[in-house]
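Accompanying notes for the structure given below.
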């Protein structure tokens, strides 16, 4: 059953606003960087009011989300990860958002999921600016 949100406009959940930094705006999603220097970690947030599950999106929106997940994953290849983790949990923040995380065998959580393994390491201001600029410079164009 498709979710039919009320007429409320879309807004970014306050927890996501606190934990992430803006990188780009794509056709469906806001692209944000998780404020955790332990991992190159993007968050995609579809601009669909009231969406908490992928199933709340229309078929076209779901297809667009998959294309944007692919685009984010290909962008993170600039960091030469061993593995790319993609997840939509939403247990703590109900607003639909997708994590795309570059992983390495030497990272602090490997091979386990990143959640709950170590405290987030916020970026230093200069490192944050550099990371966001690198991501913006290397964002891959959508595949046609």
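Rule-based calculations on the coordinates, nothing more; no lab input. Treat the numbers as computed from the prediction; the structure is a model and nothing was measured. Cβ sites come from the backbone with ideal geometry, for glycine too, and all protein chains shown count toward neighbours.
Figures for the structure shown
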item: Cα-based convex hull, region 78-138, per residue volume (Å³, whole number); result: 120
item: Residue 53 versus residue 87: modelled label distance in nm, points set 7 Å from Cα along the beta carbon direction; result: 2.0
item: The chain, helix-only ellipticity at 222 nm - DSSP H runs n ≥ 4, -39,500 (n - 2.57), divided by all residues, nearest 500; result: -8500 deg cm²/dmol
item: Sites residue 66 and residue 13, calculated FRET efficiency, Cβ-Cβ separation with R0 22 Å, nearest 0.05; result: 0.50
item: Estimated D of the chain in µm² per second, where Rh is the Kirkwood radius over Cα pairs and Stokes-Einstein applies at 37 °C, 0.692 mPa s; result: 209
